[in-house]
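Have a look at the structure below before the remarks.
Read-outs throughout are calculated quantities, based only on the coordinates presented, and are distinct from any laboratory measurement. None of these values were measured; they are calculated from a predicted model. All Cβ positions, even for glycine, are placed from backbone atoms using ideal geometry, and neighbour counts span all protein chains on display.
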Amino acid sequence: MTETQKSPAEAALILSQWLSSGYPTGAFAWSHGLENAVAEGAVTDAAAFRAFAADCLEHGAGRSDAILLAHAWRDPADDAPAELAEALAPSKERRAETLALGAAFAAATAASWGPRDLSPAPYPVAFGRAARAHGIPLELALPAYLQAFAATLASAAQRLVPLGHTEAQQALAALAPVALRVAAAAEGAPLDAVGGAAFAADIAAMRHEVQQPRLFRS
């Protein structure tokens, strides 16, 4: 069941909780290939991190996730976005990442917010369905989700690059326009526009599968 659309203030409060580091999705355990990019010397400072994160947002999983989220929001009963999200994951760990985050998000949200029948799905699909069910406008959900994606990468970068707290916040501020731009483009994009070209990040995620030692699950 879809609730009446929330006001911007109500939606902001819900989104801030769902996307906070305290929400039990386990996002802190995944680096989206960043750990390998750091280990191989591709990301060594704040500027390189911003470039890596911007590529992920604009040409990689950020863009694809935003399109999948939008379609899941518009038609929560359609299984096509979930099937695409799983099938098009470029590596074993990236597939595990989206499925684990989605399952954890669905479980925590169903238990705390409802609906009780919110089923596990790849993360952007579970998020889109929940946002629709709770009356959160798509135009608010999309950029918030993308900025949280960037924040998760920044959190990993603080442990890996290393990146200072202020540098991490500066990077997120610089990435906000990218998140807004990707969200605006994804809102009306057709489902067959899903796909990416963030080859360096995808290859890093593949190489991470055999990397030792490592801190993160992807």
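In whole Å, how far is the Cα centre of region 126-185 from that of region 4-80? Cα centres, region 126-185 to region 4-80: 5 Å.
Stretching residue 28 away from residue 78 to a fully extended chain increases their span by 15.1 nm, per 0.36 nm per residue minus the current alpha-carbon distance. Every helix of 4 or more DSSP H residues in the chain counts as -39500 (n - 2.57), and over all residues that averages to -21000 deg cm²/dmol at 222 nm. State the answer as a single residue: which of 49, 7, 39 lies farthest towards the positive end of the charge dipole of region 1-61, with beta carbon charges of +1 for Lys and Arg and -1 for Asp and Glu, about the Cα centre. Of the candidates, 7 comes out farthest on the positive side. Summarising the amide proton neighbourhood of residue 136: residues at separation of 5 or more, or on other chains, whose placed amide H is nearer than 5 Å comprise 6. Maximal additional length on extending the residue 45-residue 174 stretch stands at 45.0 nm, based on 0.36 nm per residue less the C-alpha distance.
Here is the P(r) of the chain: all C-alpha pair distances, binned every 5 Å from 0, give 1, 8, 16, 21, 21, 17, 10, 5, 1, 0 in whole percents.
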